[in-house]
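Undergrad: Handing you this structure, nothing more for now.
The values are calculated or read from the model by the stated rules, or taken from the named source; none is laboratory data. This is a predicted model, so every value here is computed, not measured. Positions of Cβ are backbone-derived with ideal geometry, glycine not excepted, and every protein chain shown enters the neighbour counts. Just so you know, the surface numbers come from the protein's heavy atoms only, side chains and all, with ligands and any DNA or RNA stripped out. Shrake-Rupley method; radii C 1.70, N 1.55, O 1.52, S 1.80 Å.
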Amino acid sequence: MTVSGIVTHGKGPSANPANTPRSAVDGFPRVFSQTFMLAPDPNAPPTKTGEVAKYYVTADAFRFVG
């Protein structure tokens with residue numbers, strides 16, 4: 001799967017103190033890209049009748065783009 005979007009850590013730019021430098025990443029939106037692979041877990045027992053298999057992450061790559 002590939003996911004991309006924008007994430008803001010903290011409460012956003014308006015919650016930063018007035019003397020926060022523009023180069024600070026906390027509170028400012030950042031563009032990201034993440035790619036990960038899922039695989040079914042053959043050892044996970046179903047919890048309900050007819051339930052689909054459980055999955056786990058086998059590989060994950062995350063990076064901030066901007």
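Undergrad: Limited to segment 27-48, what total is found for residues that are in contact with a strand residue (DSSP E or B) (Cβ under 9 Å, 6 or more places away or on another chain), modelled with pLDDT under 85 and not aliphatic (A, V, I, L, M)?
TA: Qualifying residue count for the region: 3.
Undergrad: Could you please find all residues in segment 48-64 being open to solvent by 70 Å² or more (accessible area, probe 1.4 Å), under 14 Å from residue 38 (Cα atoms), part of a strand (DSSP E or B) and not hydroxyl-bearing (Ser, Thr, Tyr)?
TA: 57, 60
Undergrad: Restricting to segment 44-66, name every residue that is under 21 Å from residue 4 (Cβ atoms) and aliphatic (A, V, I, L, M).
TA: In the first step, residues of segment 44-66 are kept if they are under 21 Å from residue 4 (Cβ atoms); the result is 55, 57-66.
Within segment 44-66, 57, 59, 61, 65 qualify.
Undergrad: Are any residues in segment 1-25 closer than 18 Å to residue 65 by Cβ and at pLDDT 70 or above, and if so, which ones?
TA: Those that are closer than 18 Å to residue 65 by Cβ and at pLDDT 70 or above: 1, 2, 3, 4, 5, 6, 7, 8, 9.
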